[in-house]
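Beneath this line is the structure, given in structure tokens, with notes to follow.
The values are calculated or read from the model by the stated rules, or taken from the named source; none is laboratory data. Since the structure is predicted, the reported quantities are computational estimates derived from the model, not experimental observations. Note that we place each Cβ from the backbone using ideal geometry, even for glycine, and neighbour counts take in every protein chain shown. Accessible surface is based on the protein model in full, side chains and every heavy atom, while ligands, DNA and RNA are left aside. Shrake-Rupley method; radii C 1.70, N 1.55, O 1.52, S 1.80 Å.
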Amino acid sequence: MSSSYRSYEERHAAAEATAAEAAMTKAKAESFAANSAINAGRAAAEAQTANLAEQLKQTKMRARLAEVEREQADAAKDASAQRRAEKAEARAEGGIAFKRMTLIAVIVLLAVALPAQLSFFLGLHKPGEESTGPAWLLAPAPLGLELLAWVGVSGTSWARRKGLPLAPFWGLTAALAGFAGWINFSHTSADFGPVAGATLGAFSLLAPLLWELREWMDSRAAVDSRGRAQRAADKAKAKKAAAEAKLDRQHDEKRRQAQPEVWAEFEQILTAAPRGSVDREAAWADAWYRVHRAPLGYTEQTYRAMVDADSRLAEVLGMVTERSVYRDLDRELMDLLGGGEDDGGTPSRTLSGGPSGGPSQGAADTPLGRVQKGRAASGSGDGRDAGKAPTDEDVRKVLAIAAKGRPFPGIGRIRSEAGVTGGTEYLQRVRDAARARFDGQ
């Protein structure tokens with residue numbers, strides 16, 4: 001047998017192996033195709049996403065550019081409106097409209113007044129002769145009148161600029177414009193009635209008058225360069241200053257009527273000193289002292305009233321001192337309010353005035369101080385514990401309270417918190433002994 005012979009089983013196994021390889025190859029090919037399709041789809045999706053992102057970016061950029069353009073357009077509109085407003089304000093401040101309207105009005109007035117004057121002069125003729133036609137020789141006369149009137153107007157403007165007298169030019173303008181107005185009035189009134197005559201006569205006068213008004217306003221505006229707000233502020237300031245000056249005048253009038261002697265001295269001080277070198281209020285105070293020899297507002301009557309009041313008060317306090325019931329009430333109030341000193345160490349005032357045990361400092365020379373000295377000399381105690389020395393136990397009780405902190409306890413606290421009993425004078429001695437021991441610790 002030949003060596004290439006294969007059995008059925010071998011051939012079948014080889015066929016199955018070939019089929020398996022073919023299936024595997026097909027599966028690989030299908031897997032590769034599927035992977036290629038997936039990659040292609042992913043690439044397409046990424047490309048589409050990138051395209052969408054680019055479109056979105058471009059849209060945002062276009063929107064931002066449109067917004068910037070709108071902002072620029074709004075800014076340009078605002079700037080244009082601002083410029084227009086500034087130009088309008090400049091025209092209003094410069095009186096441009098007034099000047100233009102004045103120029104137009106002058107031209108119209110001259111256009112109406114000149115033909116009337118020209119008609120008058122052309123209609124003249126020699127005396128005794130009948131009219132042989134227009135008097136052309138007199139045709140330049142109205143032009144000369146108006147020209148001379150406007151020479152006066154121009155001279156006024158130049159004199160105002162140079163600070164020269166204005167009256168000669170005003171006189172020239174008024175004389176020539178008045179003569180031209182009289183011609184128009186008389187001639188036109190004879191032909192068309194008094195209303196037309198008055199109108200044309202006024203036109204001859206109004207033309208130079210309006211121009212003179214324009215020049216006057218222009219010169220005032222050149223001197224006064226303030227704006228509207230500044231002028232309003234200055235006007236309010238001047239109004240306030242006028243009101244203050246009025247109040248000052250009223251106050252001075254009241255002073256003059258109430259104190260004529262002081263007012264005379266006041267005027268003498270102001271007259272003797274250089275103008276503005278002395279303060280008015282200081283001069284008034286000096287004049288008051290010269291006349292009354294007292295501080296400002298005090299007079300002899302003021303001090304007399306004060307002395308009388310002190311005398312009456314001393315009389316009342318003397319009555320209080322003489323009656324023991326008030327002394328008893330005085331001690332009870334002093335015990336209730338803390339005795340001779342309050343919790344801060346300040347002497348308490350008694351019913352009849354001044355600290356307990358004596359008059360107020362600085363008031364010894366007054367009637368009230370003398371009465372209080374008398375009360376102090378008479379004593380405020382009632383004889384209880386008179387001369388009794390403070391016991392060590394009572395002193396320790398006060399020190400126990402003082403150890404809790406400042407302020408040092410007064411008579412009221414010694415009686416209520418420490419429980420020390422006795423009269424006011426004894427409690428005062430206990431307090432003094434405790435304070436001496438406390439300060440020496």
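Listed values, structure above:
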read-out: Candidate lysines for bridging to Lys254, where Cα separation is under 18 Å - those fewer than 8 sequence places away on the same chain excluded; value: Lys246
read-out: Highest to lowest packing among 410-416, 34-40, 304-310, scored as the average C-beta count within 10 Å; value: 410-416, 304-310, 34-40
read-out: Trypsin sites (Lys or Arg not before Pro) restricted to the stretch 256-290 and DSSP loop, no more than 13 other C-beta within 10 Å; value: Arg275
read-out: With every protein chain in place, the stretch 392-440: carbon and sulfur % of accessible area (1.4 Å); value: 50 percent
read-out: 23 Å Cα-Cα reach of Lys77 towards lysines, excluding residues that sit fewer than 8 places from it in its own chain; value: Lys87
read-out: Equivalent-ellipsoid semi-axes of the stretch 70-123, from the Cα gyration tensor, Å, largest first; value: 47, 11, 4
read-out: Sparsely packed GluC sites (Glu not before Pro) within the stretch 388-441, loop by DSSP, other Cβ within 10 Å at most 16; value: Glu417
